[in-house]
1. Suppose we filter 148, 111, 164 for residues that are closer than 25 Å to residue 20 by Cβ and surrounded by fewer than 20 Cβ atoms within 10 Å (Cβ to Cβ); which single one remains?
2. In the list 34, 7, which residue meets the criterion of being surrounded by fewer than 21 Cβ atoms within 10 Å (Cβ to Cβ), on the phi < 0 side of the Ramachandran plot and either assigned to a loop (DSSP other than H, G, I, E, B) or touching a strand residue (DSSP E or B) at 6+ places or on another chain (Cβ under 9 Å) (or both)?
3. Please work out if residue 40 is assigned to a strand (DSSP E or B), modelled with pLDDT of 90 or more and within 20 Å of residue 176 (Cβ to Cβ).
4. Taking the condition of being farther than 12 Å from residue 104 by Cα, loosely packed, with under 15 Cβ neighbours inside 10 Å and either in contact with a strand residue (DSSP E or B) (Cβ under 8 Å, 6 or more places away or on another chain) or without any contact (Cβ under 8 Å) to a residue 12 or more places away in the chain (or both), how many residues in the stretch 15-31 meet it?
5. Take the residues in the stretch 167-182 that are touching a strand residue (DSSP E or B) at 6+ places or on another chain (Cβ under 9 Å) and over 15 Å from residue 131 (Cα atoms); name whichever of them is surrounded by the fewest Cβ atoms within 10 Å (Cβ to Cβ).
6. On the given criteria, is residue 138 on the phi > 0 side of the Ramachandran plot and touching a strand residue (DSSP E or B) at 6+ places or on another chain (Cβ under 6 Å)?
């Protein structure tokens, strides 16, 4: 088991109480998603997955940590929601390509590697949407969050092949410094 997987499994196994909150980008922007299916990458224990399933989306949640996915499955069952969960390392691009295509992908509080980002268009249907929001470098500067996990200003604007940018914004939300993107797959 990888050290990253072990770290996150330990965190979720030790966590009690409420699941992760739903990011503001999701609660404010979910209506801009295409109706249908959602692939929630780096889902953790599923705040976004649960919220989107409540809105009528067919959700597949993917995370490296089985313990987070177990917490998500328990909450989904308690709320009578159906959410497919899959344990996968997001650095394993070949495994991700086996997931098929989705109408939407959401990535919250996670910085995709260049290899992951480059495979995302293949995971989307034509005109599918990618909603990405994560901490930016101000989160490092103001709060000491590890800089290697922070997005650079406009980082994905130049590398968004096969995507049209619907919006990009850098903002402070709920005390955190975030960059938010919405892309549409054009080709």
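The values are calculated or read from the model by the stated rules, or taken from the named source; none is laboratory data. Keep in mind the model is a prediction, meaning the values are calculated, not measured. In this analysis, Cβ positions are derived from the backbone assuming ideal geometry, glycine residues included, and neighbour counts consider all displayed protein chains.
1. Just a single option satisfies the conditions, and that option is 148.
2. Going through 34, 7 in turn, the sole match is 34.
3. Yes.
4. Looking only at that region, the number is 4.
5. Top of the filtered list is 172.
6. When the stated conditions are applied, residue 138 does not pass them.
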